[in-house]
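The block underneath contains the structure these notes are about, expressed in structure tokens.
The values are calculated or read from the model by the stated rules, or taken from the named source; none is laboratory data. Since we're looking at a predicted model, the values are computed, not measured. Here the Cβ is made from the backbone with ideal geometry for all residues, glycine too, and neighbour counts use every protein chain on show.
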Amino acid sequence: MSTIRPSSIESSAFDIKGSSFTLLIFCLRTTQLPELEKQLYDHLSKTPDYFNFDPIVIDLSNINQTDVKLDFKSLINILRRHRLTPVGICNGSEIQAQIANKYGLGVFIGLSGKIKPKDTSTNSQPLNSDKTIELPSHLEKKKKETLSQPTKIITRPVRTGQQIYAQGCDLVVLASVNAGAEIISDGNIHVYAPLRGRALAGVKGDTTARIFCQCMEAELVSIAGCYRVLEENLPQNLQGEAVQISLNGEKLIIEPLLSRTTDNKRTANWQK
């Protein structure tokens with residue numbers, strides 16, 4: 001990590017340091033802001049306090065060629081009303097970048113999201129109403145690389161507000177992950193205790209990564225940028241059970257942690 005300090009004074013008043021943070025990417029699919037706010041309200045009404053003014057980057061891939069002018073001021077206000085803090089845009093046109101700058105938004109280069117092909121028959125697209133929302137990684141997607149570091153093992157509970165990141169390796173947690181905590185891994189995640197917080201596996205784009213947990217009570221799970229909020233949407237037969245989570249295309253698959261050779265009787269017992 002590099003650090004820049006003023007060289008003209010003995011006691012520096014500031015430092016500029018390189019770093020990286022997990023950022024949500026908001027994939028905008030329409031310029032119809034009233035419809036956008038309605039769908040945001042419908043989606044977040046069950047968990048109004050889920051986002052705590054988290055910083056987000058607005059992905060304009062789907063509307064960067066539209067002739068309809070995007071009202072950045074209103075968009076920013078809508079997101080803030082729903083406890084999201086826009087800090088920049090990505091994949092926009094030059095004109096969109098210039099307008100975004102006027103409203104204090106930065107321009108992120110190299111962020112690519114898992115965007116569905118654009119429908120060229122209309123000037124805008126409706127938001128995806130599926131409960132599985134796309135959340136691309138804050139890091140540029142790369143081809144799958146061999147994990148180069150030893151598995152990171154955590155033996156103590158992960159507390160509320162704490163974040164654990166296993167860079168270049170799998171993550172194994174031998175204690176509970178509390179609500180409001182976040183565990184992140186470039187590879188797989190194994191939790192041998194209740195998982196009540198957020199778990200993000202394959203954050204550099206490894207679509208083969210998986211999440212395994214002994215007691216499924218998670219707030220959010222994500223693999224390679226695709227995530228689901230689960231606090232009130234998890235099927236009853238999976239709540240509190242041992243599960244594995246994998247990615248099939250752009251859809252997260254959550255299933256009981258059983259061998260595929262297990263007989264039908266035992267499988268039925270898991271699903272009661």
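Quick check on the range 77-110: of everything there that is assigned to a helix (DSSP H, G or I) and not hydrophobic (A, V, I, L, M, F, W, C), which residue is surrounded by the most Cβ atoms within 10 Å (Cβ to Cβ)? Step by step, filter the range 77-110, then rank; the result is 96. If we scan the range 211-219, do we find a residue that is in a loop (DSSP other than H, G, I, E, B), closer than 21 Å to residue 251 by Cα and of a type outside the set (A, V, I, L, M, F, W, C)? Yes, there is a match, as at least one residue in the range 211-219 is in a loop (DSSP other than H, G, I, E, B), closer than 21 Å to residue 251 by Cα and of a type outside the set (A, V, I, L, M, F, W, C). Under the condition of being part of a helix (DSSP H, G or I) and aliphatic (A, V, I, L, M), which residue from the range 24-40 is surrounded by the fewest Cβ atoms within 10 Å (Cβ to Cβ)? Ranking the qualifying residues of the range 24-40, first place goes to 33.
When residues in the range 180-194 are screened for being part of a loop (DSSP other than H, G, I, E, B) and surrounded by fewer than 16 Cβ atoms within 10 Å (Cβ to Cβ), 1 of them pass. Screening residue 231 on (1) part of a loop (DSSP other than H, G, I, E, B); (2) under 22 Å from residue 56 (Cα atoms); (3) at pLDDT 85 or above shows it passes everything except condition (3).
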